[in-house]
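A.B. asks: If you scroll down you'll find the structure; I have some questions about it.
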Amino acid sequence: MPEQPTKPEAQQVPRRSFSEFQEYRRIPSLLMLIRELKLFLRDCSSVLDIGCGGGLDSMMAAIMTGPTGRVVGVDLSPEMVARARHNLESAALENVMFHDSVSAEALPFPDSSFDAVVSNGVFNLVPDKIKAVSEVFRVLKPDGRLMMADQILVGELSQDLRSGIDHWAG
């Protein structure tokens with residue numbers, strides 16, 4: 001009887017300590033973002049990351065809020081949240097969690113749940129922007145903070161650009 005091929009052993013993702021994540025501050029492209037995030041999250045203990053994607057902003061927020069803080073990352077895409085959870089496996093961060101299939105237009109949290117909300121490149125993709133922003137302010141505590149980075153269109157698109165956009169989705 002022929003031998004069955006053996007499965008390769010799953011690679012263990014090394015866990016990193018909090019101090020090892022501090023090393024990312026040396027990367028110039030992240031330095032400005034980390035500095036701004038640290039200032040923004042000063043005195044914040046609960047943070048919501050809308051459109052968390054692969055989880056980088058959520059994990060940076062978890063570092064900034066410290067071990068007693070709480071960070072929740074949400075994304076509409078289960079695949080991206082799976083990536084975020086995978087990325088989290090290599091971090092020694094116990095204060096961050098991710099939820100998938102969550103729309104910015106219907107956040108599943110009680111009123112006044114978070115000190116801060118961060119969002120990076122998501123609101124331009126949301127169909128009902130007014131509803132999404134209303135949801136953000138509903139889940140923010142009084143005097144809560146919103147940090148959003150996104151794209152906006154100012155003026156008209158040229159025909160060349162418009163025709164290119166028409167081919168982005170099927």
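The values are calculated or read from the model by the stated rules, or taken from the named source; none is laboratory data. Source: prediction; values computed, not measured. Counting neighbours? That spans all protein chains shown, and the Cβs are built from the backbone with ideal geometry, glycine included. Side chains are part of the model used for accessible areas, which takes the heavy atoms of the whole protein and leaves out ligands, DNA and RNA. Shrake-Rupley method; radii C 1.70, N 1.55, O 1.52, S 1.80 Å.
A.B. asks: Given a 1.4 angstrom probe, I'd like the percentage of the accessible area of region 33-87 that is carbon and sulfur, rounded to a whole number.
C.D. replies: Whole-percent figure for carbon plus sulfur exposure: 57.
A.B. asks: Once phi is turned into ³J(HN,Hα) by the Karplus curve 6.51 cos²θ - 1.76 cosθ + 1.60 with θ = phi - 60°, what whole-Hz value does each residue of region 151-160 show in order, with x for glycine and proline?
C.D. replies: So the J values, rounded to whole Hz, are 10, 9, 9, 10, x, 9, 7, 5, 4, 4.
A.B. asks: Separate question: Only four residue types carry charge here, +1 at the Cβ of Lys and Arg and -1 at the Cβ of Asp and Glu. Report the dipole size of region 23-159 about the Cα centre in Debye, rounded to the nearest 20.
C.D. replies: 380
A.B. asks: With every protein chain left in place, what is the accessible area per residue of region 91-134 in square angstrom, probe 1.4 Å?
C.D. replies: 49
A.B. asks: I would also like to ask the following. Near the amide H of R145, under 5 Å away, which other amide H atoms are found, from residues 5 or more places off or on another chain, if H is placed in the peptide plane?
C.D. replies: A116, V117
A.B. asks: For region 21-154, just say rounded, prolate or oblate: build the C-alpha gyration tensor, square-root its eigenvalues into a ≥ b ≥ c, call rounded for a/c under 1.5, and beyond that prolate if a/b exceeds b/c, oblate if not.
C.D. replies: Rounded is the answer for region 21-154, as its axis ratio a/c remains below 1.5.
A.B. asks: Amide H to amide H, which residues 5 or more places from S103 or on other chains are under 5 Å from it, using H placed in the peptide plane?
C.D. replies: When sequence neighbours closer than 5 places are left aside, there are no close amide H contacts.
A.B. asks: Right, here's the next one. Ranked from highest to lowest mean number of other Cβ atoms within 10 Å per residue, what is the order of the peptides 44-56, 119-131, 149-161?
C.D. replies: 44-56, 119-131, 149-161
A.B. asks: Okay, moving on. Take the Cα gyration tensor of region 100-170, multiply each eigenvalue by 5, square-root it, and list the three semi-axes largest first, rounded to whole angstrom.
C.D. replies: Working through the eigenvalues yields semi-axes of 30, 14, 9 Å.
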